[in-house]
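Visitor: I have a structure I would like to understand better, so I am pasting it below and will then ask my questions one at a time.
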Amino acid sequence: DVKVTQSSRYLVKRTGEKVFLECVQDMDHENMFWYRQDPGLGLRLIYFSYDVKMKEKGDIPEGYSVSREKKERFSLILESASTNQTSMYLCASSRSGTGDRSPLHFGNGTRLTVT
Amino acid sequence: AQKITQTQPGMFVQEKEAVTLDCTYDTSDPSYGLFWYKQPSSGEMIFLIYQGSYDQQNATEGRYSLNFQKARKSANLVISASQLGDSAMYFCAMREGRDNQGGKLIFGQGTELSVKP
């Protein structure tokens, strides 16, 4: 079974802090993603990566950056946390080269509260 | 413009009855894939079913089936014989052809399903 592990289940940070959310997958997947989930808005894509050291902006990249130094690890960085970044953050991975059928496999999420 | 629309924020269904969760989508890409995920209160996202735009038949996976109407751009999820454990948030998602090879999904707003005993 694919395992996507997010380092924290719950996180409380102060406004202005630099925040790191870590995600590791163990299935040698090429693709990794960061989404945020808010009530009534569904999941919105922040950043994604199709290869090591490669990153692309999603729909809502403002205020975030990412790092992918190793294939299995994809980090989301909040440079200066703000209260409007309080949300559930979901990391996902998928295999490349399987056409459009490959589902995304998700971690259990990190619920971040910025006070 | 919203590419995936789920118009039912919340729904109730009686245990053992069937329920349909609506999903409409918008794309100009002739090749695309549609996915449904279940998210219980624990927060994990569980992949349920997939439908490709060129698939000739509607997808089925156990009690889940997809009512795919290409001309209407709808991909409704049908859950037969509802169980209490089906109570969860359900998300419809799409991958456009240019994002294939396992690429990004676009998600709808979700529908919260409650199964009543």
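Visitor: With a 1.4 Å probe and all protein chains left in place, how much accessible area per residue does chain B have, in Å²?
Guide: Dividing the accessible area of chain B by its residue count gives 46 Å².
Visitor: Taking 0.36 nm per intervening residue step and subtracting the Cα-Cα distance, what contour gain separates B:R72 from B:S28 on full extension? Don't skip to the answer; put the middle values down first.
Guide: On the way: separation 44, 0.36 × 44 = 15.84 nm, distance 1.32 nm.
Extra length from B:R72 to B:S28 when fully extended: 14.5 nm.
Visitor: Grab the alpha carbons of chain A, take their convex hull, and tell me the volume per residue in Å³. Walk me through the numbers on the way to the answer.
Guide: Working: hull volume 11.5 nm³, N = 115.
Measuring per residue, one finds 100 Å³ for the Cα hull of chain A.
Visitor: Then there's this: For chain B, the longest stretch holding no GluC sites (Glu not before Pro) located in a DSSP loop with at most 16 other Cβ atoms within 10 Å is which?
Guide: On the way: sites that count: B:E15, B:E17, B:E44.
With a cap of 16 other Cβ atoms within 10 Å, the longest stretch comes to B:45-117.
Visitor: Related question: Give me the summed buried accessible area for the A-B pair, 1.4 Å probe, to the nearest 100 Å².
Guide: Details: alone 6530 and 6350 Å², together 10930 Å².
Buried: approximately 1900 Å² between B and A.
Visitor: In addition: Only bridges with both residues in chain B count here: give the DSSP antiparallel percent, nearest 5. Numbers along the way, then the final one.
Guide: Details: 33 of 38 bridges.
Here the antiparallel bridges make up roughly 85 percent for chain B.
Visitor: Which of the chymotrypsin sites (Phe, Trp or Tyr not before Pro) across region B:49-95 are loop residues per DSSP, with 12 or fewer other Cβ within 10 Å? Intermediate results must be reported in sequence, preceding the final value.
Guide: Numbers: sites: B:Y50, B:Y54, B:Y64, B:F68, B:Y90, B:F91; in loops: B:Y54.
When the chymotrypsin sites (Phe, Trp or Tyr not before Pro) of region B:49-95 are filtered for loop state and at most 12 Cβ neighbours within 10 Å, B:Y54 remain.
Visitor: Under 1.5 on a/c is rounded, so check that first for region B:24-70, then, if it is not, pick prolate when a/b is larger than b/c and oblate when it is not; a ≥ b ≥ c are the square roots of the alpha carbon gyration tensor eigenvalues. If you can, show how the numbers build up before the last one.
Guide: On the way: a/c = 2.84, a/b = 1.61, b/c = 1.77.
In terms of gyration-tensor shape, oblate.
Visitor: Please list, or write none, the lysines whose alpha carbon is within less than 30 Å of the alpha carbon of A:K18, excluding same-chain residues fewer than 8 places away.
Guide: A:K3, A:K53, A:K55, A:K57, A:K70, A:K71, B:K104
Visitor: Excluding ligands, DNA and RNA, what is the solvent-accessible area per residue of chain A at a probe of 1.4 Å, expressed in Å²?
Guide: Accessible area per residue, chain A: 48 Å².
Visitor: Based on the alpha carbons, how large is the Rg to Rh ratio for region B:58-109 when Rh follows Kirkwood?
Guide: So for region B:58-109, dividing Rg by the Kirkwood Rh gives 1.01.
Visitor: Please report the antiparallel percentage of DSSP beta bridges with both residues in the protein assembly as shown, rounded to the nearest 5. Please list the in-between numbers first.
Guide: Values: 66 of 75 bridges.
So the antiparallel bridges in the protein assembly as shown amount to around 90 percent.
Visitor: Turning to a different aspect of this structure: Kirkwood Rh and Cα-based Rg: tell me the resulting Rg over Rh for chain B, rounded to two decimals. List each step's numbers first, then the result.
Guide: On the way: Rg = 13.7 Å, Rh = 14.3 Å.
A ratio of 0.96.
Visitor: Can I ask one more? I need the calculated FRET efficiency for the pair B:Q57 and B:E112, taking r as the beta carbon distance and R₀ as 30 Å, to the nearest 0.05.
Guide: Working: r = 29 Å, r/R0 = 0.97.
Rounded to the nearest 0.05, the efficiency is 0.55.
Visitor: Could I ask something else about it? Percent relative contact order of chain A, based on C-alpha pairs within less than 8 angstrom and at least six residues apart? Intermediate results must be reported in sequence, preceding the final value.
Guide: Working: 299 pairs, mean separation 41.3, N = 115.
Reported relative contact order: 36 percent.
Visitor: Mind jotting down the three principal axis lengths of the protein assembly as shown based on Cα atoms? Whole angstrom, largest first.
Guide: Over the protein assembly as shown, Cα extents along the principal axes are 48, 39, 36 Å.
Visitor: Taking all protein chains as present, what is the carbon and sulfur share of the accessible area of region A:44-108, in % to the nearest whole number, probe 1.4 Å?
Guide: On the way: 1340 of 2930 Å².
Exposed carbon and sulfur together represent 46 percent of the surface.
Visitor: In addition: Full extension from A:V12 to A:M88: what is 0.36 nm times the residue separation minus their Cα-Cα distance, to one decimal in nm?
Guide: Details: separation 76, 0.36 × 76 = 27.36 nm, distance 1.18 nm.
Value of the extension gain: 26.2 nm.
Visitor: If you put +1 on each Lys and Arg Cβ and -1 on each Asp and Glu Cβ, how big is the dipole of the protein assembly as shown around its Cα centre, in Debye rounded to 20?
Guide: Values: 28 positive and 27 negative charges, 57 e Å.
About 280 debye.
Visitor: I've got another one for you. Hey, can you list the residues from region B:17-54 whose accessible area shrinks by 50 Å² or more with all protein chains present, relative to the chain by itself (probe 1.4 Å, no ligands or nucleic acids)?
Guide: B:M45, B:Y50
Visitor: So which cysteines in the protein assembly as shown don't have a second cysteine's C-beta under 4.7 Å from them?
Guide: none
Visitor: Quick one: in region A:53-115, what % of C-alpha pairs are over 20 Å apart? Before the final figure, lay out the partial values.
Guide: On the way: 708 of 1953 pairs.
The calculated P(r) of region A:53-115 puts 36 percent of pairs beyond 20 Å.
The values are calculated or read from the model by the stated rules, or taken from the named source; none is laboratory data. All values derive from a computational prediction rather than experimental measurement. All Cβ positions, glycine included, derive from the backbone under ideal geometry; neighbour counts span all protein chains shown. Just the protein is used for accessible areas: all its heavy atoms, side chains included, with ligands, DNA and RNA removed. Shrake-Rupley method; radii C 1.70, N 1.55, O 1.52, S 1.80 Å.
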